[in-house]
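Asker: Here it is: the structure, laid out below.
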Amino acid sequence: MADPDQHPRVVIGVDIGTTSTKSVAYDTDGRQLASHSVGYPLDEPSPGYAEQDPLLIFDAVVETVRAVVAELPGPVAGLSFSTAMHSLIGLDADGQPLTPSVTWADSRASRQAERLRAARSGLALHRRTGTPVHPMAPLPKLVWFAEQEPKLFERVAHWVGIKDYVLLRLCETLVTDHSVASASGLMDIQTRAWDAEALRIAGITEEQLPQLVATTRVLPGLTAECAAATGLPADTPIVVGAGDGPLANLGLGAVRPGVVACSIGTSGAMRVMVERPAVDPLGGVFCYALTEDRWVVGGAINNGGIVLQWAGDALAPELGEDSEEELLALAARAPAGSGGLIMLPYLLSERAPHWSALPRGAYVGLTHGHRREHLVRAALEGVCQQLALVLASVRAAGNEVREVRASGGFARSPLWRQLLADALGMPVRFPAGHEGSSFGAALLGMQALGLIASVDVAADLVRIDETVRPDPAAAATYAALLPLHAELYDALVPTFTSLRRLAPSLPPEPPPTASPM
């Protein structure tokens, strides 16, 4: 049992994700002491919709914190939060949800986003707010609500993200941090204030949004009801925290300039930490805040591990569920470059670096000689090549890239690891198993509470398990094919546009085999 007089050195990182919330307790040496996770559904009531019940997510936060607190032998110094970015919830004047939590995966605002993006001010809006004009972002979602649900839109007193809602319930304080706000399309990243032009486009006022605060802001404590529900003292400090993307960099120890964090789960992303906010001239990357002097520049892709799952369902259904190892073994039989077969892996549309909801997946170069192993390998190569395009955009924004650290479910596979190193053309380092965003949230909380000097300690706390170096021949093949991936997207935009125009007159597309994460 810990000495009750000793100052607690444990912070719980609460990661509010798209499919689950996970709370993990860490001490100041980076050791994981306890964890608990609770899942919840992603509802898709209509094509393009991807929403969740905010009440279920709040309950998951309380349940996971309570379970972790019950496992710990001593007191907790505080809670600190990570959240999936780009969510949007409309609240009434009493703080009750009038809408579900509309997630990043929701694409109902595609037409609004394309209209805003095509406008003369579209790129300027992206560069000023750091957020691509894309249906994932709250700005186009707000325009959709104003146009498609005007009566509901008029009833909303406050527009918030899912973490803002959770903190309102926990602490009775309506705030949003600079990190989450920088992913909304509504905040000027240079001034850290709500952007007047973006608010005008959205049709809302500053009073309808939460107060902007630093990610290290400490809220005074929990309501009596929430203290009892979590098992924590009411005066437990609550650190507002940040978005899961920037915190994943922190959790991987990718906090120094030139160190890129790459993740491939169901989706994927690449991000590098910078000291000043910036977006490349062509708008290929986002720029999101972490702290007052740390930002991440990068891009997210919709299609990561979901592409391998699709390949199993569509190309090798006889393998059944849990066929990942067999599929990867099948892909390993094909050569690098899949015999000249290229796949654009846009099964769930796409984000970086083009930031358009138009694209669909495509195989190009198919011949009589190609077999299943080529199709499966080309799908995996397509994911890695898309990340290589994102990395090129990160460099185009003026950032040095000297190291890549990678995490995610794909890292279990030696083939995936090697493919990524070959496609990027540089060594990829794989850290030992920290929980990414929850560890980043805990570290940010420790800095806010004065338990560590700076989040820079992350670089020393995260241990590297393995470094995978590119095979020179394979890397040369992928480097030669990469420009074709970029060219194919541009060449097929008219086809993607025509397919969407024809969609109402065609038989409906089959439903997805799984919800995006």
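Asker: Give me the distance between the Cα centres of the stretch 273-321 and the stretch 131-185, rounded to whole Å.
Answerer: Here the answer is 22 Å between Cα centres.
Asker: Rg(Cα) of the stretch 314-381 divided by 2.2 N^0.38 Å?
Answerer: On the way: Rg = 13.1 Å, N = 68, 2.2 N^0.38 = 10.9 Å.
Scaled against compact globular proteins, the figure is 1.20.
Asker: Is the shape of the stretch 186-283 best called rounded, prolate or oblate, per the rule: a/c under 1.5 gives rounded, else a/b larger than b/c gives prolate, else oblate, with a ≥ b ≥ c the square roots of the Cα gyration tensor eigenvalues? Before the final figure, lay out the partial values.
Answerer: Values: a/c = 2.23, a/b = 1.22, b/c = 1.83.
Oblate is the answer for the stretch 186-283, as a/c is 1.5 or above yet b/c matches or exceeds a/b.
Asker: Shifting gears a bit: Could you tell me the distance between the Cα centroids of the stretch 422-480 and the stretch 1-73, to the nearest Å?
Answerer: For the stretch 422-480 versus the stretch 1-73, the Cα centre distance is 22 Å.
Asker: A follow-up question, please. Taking 7 Å along the Cα-to-C-beta vector as the label spot, tell me the R501-D59 distance in nanometres, rounded to one decimal.
Answerer: Roughly 4.7 nm, to one decimal.
Asker: Percent of alpha carbon pairs in the stretch 1-118 separated by more than 20 Å?
Answerer: Of the Cα pairs, 53 percent sit more than 20 Å apart.
Asker: Still on this structure, please answer the following. What percent do you get for the relative contact order of the stretch 1-109 when only Cα pairs under 8 Å and 6+ apart count? Mind showing how you got there, number by number?
Answerer: Details: 206 pairs, mean separation 34.9, N = 109.
Across the stretch 1-109, relative contact order equals 32 percent.
Asker: What net charge is computed for the residues neighbouring V285, neighbours being all others with C-beta under 12 Å from the C-beta of V285, Lys and Arg scored +1, Asp and Glu -1? List each step's numbers first, then the result.
Answerer: On the way: positive: R127, R271, R351, R395; negative: D280.
Surrounding charge for V285 is +3.
Asker: Cβ under 15 Å from A334's Cβ, A334 left aside: what net charge do those residues give with Lys, Arg +1 and Asp, Glu -1?
Answerer: Net local charge, A334 excluded: -1.
Asker: Below 8 Å between Cα atoms, with a sequence gap of 6+, how large is the relative contact order for the stretch 46-118 in percent?
Answerer: Numbers: 54 pairs, mean separation 33.8, N = 73.
Once divided by the residue count of the stretch 46-118, the mean separation gives 46 percent.
Asker: So between E509 and R469, what do we pick up on full extension, going 0.36 nm a residue minus the alpha carbon distance?
Answerer: On the way: separation 40, 0.36 × 40 = 14.40 nm, distance 4.06 nm.
Gain in length upon complete extension: 10.3 nm.
Asker: Taking the Cα of T19, stepping 7 Å toward and past its beta carbon, and measuring to each backbone N in the stretch 30-47: which are under 19 Å?
Answerer: Only 36-45 pass the distance filter.
Asker: If you don't mind, there's one more thing I want to ask. Can you bin the stretch 143-185 into rounded, prolate or oblate? Criterion: square roots of the alpha carbon gyration tensor eigenvalues sorted a ≥ b ≥ c, rounded for a/c under 1.5, prolate for a/b above b/c, oblate for the rest. It would help to have the intermediate numbers written out before the result.
Answerer: Details: a/c = 3.49, a/b = 1.56, b/c = 2.23.
Oblate shape, in that a/c is at least 1.5 and b/c is the bigger or equal ratio.
Asker: Ranked from the most accessible area to the least, with a 1.4 Å probe and all protein chains present, what is the order of D465, D43?
Answerer: Details: D465 95, D43 70 Å².
Largest to smallest exposure gives the sequence D465, D43.
Asker: So for the chain, averaging the separation of alpha carbon pairs under 8 Å that are six or more residues apart and normalising by length, what relative contact order in percent results?
Answerer: Numbers: 1170 pairs, mean separation 80.2, N = 517.
Relative CO of the chain lands at 16 percent.
Asker: In terms of the Cα gyration tensor, with a ≥ b ≥ c the square roots of its eigenvalues, is the stretch 103-143 rounded because a/c is under 1.5, prolate because a/b exceeds b/c, or oblate?
Answerer: On the way: a/c = 2.48, a/b = 1.46, b/c = 1.70.
Verdict is oblate for the stretch 103-143.
Asker: Once the piece of chain linking S46 and L282 is laid out straight, how much longer is it, given 0.36 nm per residue of separation minus the C-alpha distance between them? Working shown, then result.
Answerer: Working: separation 236, 0.36 × 236 = 84.96 nm, distance 3.31 nm.
Contour length minus Cα-Cα distance gives 81.6 nm.
Asker: Follow-up. Which sequence of T103, T223 reflects their accessible areas, 1.4 Å probe, from the largest down?
Answerer: Values: T103 5, T223 25 Å².
Result of the area sort, largest leading: T223, T103.
Asker: Given only helices, namely DSSP H runs of n ≥ 4 each adding -39500 (n - 2.57), what is the per-residue ellipticity at 222 nm of the chain, to the nearest 500 deg cm²/dmol? Present the calculation step by step, with values, prior to reporting the outcome.
Answerer: Working: 17 runs with 191 residues, N = 517.
The helix contribution divided over the chain gives -11500 deg cm²/dmol.
Asker: Straight-line reach from K151: which lysines have a Cα under 28 Å away, not including same-chain ones fewer than 8 places off?
Answerer: K141, K163
Asker: Find, among the trypsin sites (Lys or Arg not before Pro) in the stretch 261-367, those assigned to loop by DSSP (not H, G, I, E, B) with at most 15 other beta-carbon atoms within 10 angstrom. Numbers along the way, then the final one.
Answerer: On the way: sites: R271, R294, R333, R351, R360; in loops: R333, R351, R360.
Filter output for the stretch 261-367: R333.
Asker: A further question on this structure: Students sometimes get this wrong: rank E206, E225 by accessible area, probe 1.4 Å, all chains present, largest first. Write down the numbers at each step before the final one.
Answerer: Values: E206 105, E225 145 Å².
Accessible-area ranking of E206, E225, largest first: E225, E206.
Asker: While we're here: How many nm is it between the label spots at R412 and E275, if each spot is 7 Å from the Cα in line with the beta carbon?
Answerer: 4.1 nm
Asker: Local charge sum around Y49 (other residues, Cβ-Cβ under 14 Å, Lys/Arg +1, Asp/Glu -1)? Let's see the in-between values first.
Answerer: Details: positive: R108, K141; negative: D43, E44, E51, D53, D106, E149.
Net local charge, Y49 excluded: -4.
Asker: Can you compute the FRET efficiency between E321 and A196 using 1/(1 + (r/R0)^6), with r the Cβ-Cβ distance and R0 = 51 Å? Round to the nearest 0.05. Write out the running numbers ahead of the final one.
Answerer: Values: r = 51 Å, r/R0 = 1.01.
With a Förster radius of 51 Å, E is 0.50.
Asker: Follow-up question, since we're still on this one. For the charge dipole of the stretch 364-440, defined by +1 on Lys and Arg C-beta atoms and -1 on Asp and Glu C-beta atoms about the Cα centroid, which residue among W416, A397, V383 has the Cα displaced farthest towards the positive pole?
Answerer: The residue sitting most towards the positive pole is W416.
Asker: If I model a spin label as a point 7 Å beyond the Cα along the Cα-Cβ vector, how far apart are those points for E225 and E206 in nm?
Answerer: Rounded to a tenth, the inter-label distance reads 3.2 nm.
Asker: Going toward the positive end of the dipole of the stretch 185-263, with +1 on Lys and Arg Cβ and -1 on Asp and Glu Cβ, which of G245, P210, V259 do you reach last?
Answerer: Of the options given, the answer is V259.
Asker: While we're here: Once you charge only the Cβ atoms, +1 for Lys and Arg and -1 for Asp and Glu, what is the size of the charge dipole of the chain about its Cα centre, to the nearest 20 debye? Let's see the in-between values first.
Answerer: On the way: 39 positive and 56 negative charges, 310 e Å.
Dipole size: approximately 1480 debye.
Asker: Follow-up question, since we're still on this one. Give me the tail of P(r) for the stretch 417-513 as a percent: Cα-Cα pairs with distance above 17 Å. Before the final figure, lay out the partial values.
Answerer: Details: 3367 of 4656 pairs.
Roughly 72 percent, rounded to a whole number.
The values are calculated or read from the model by the stated rules, or taken from the named source; none is laboratory data. Just so we're clear, the structure is a prediction, and the values are computed from it rather than from any experiment. Reconstructed Cβ throughout: ideal geometry from the backbone, glycine too, with neighbour counts over all protein chains shown. Heads up: the accessible areas ignore ligands, DNA and RNA and are worked out on the full protein's heavy atoms, side chains in. Shrake-Rupley method; radii C 1.70, N 1.55, O 1.52, S 1.80 Å.
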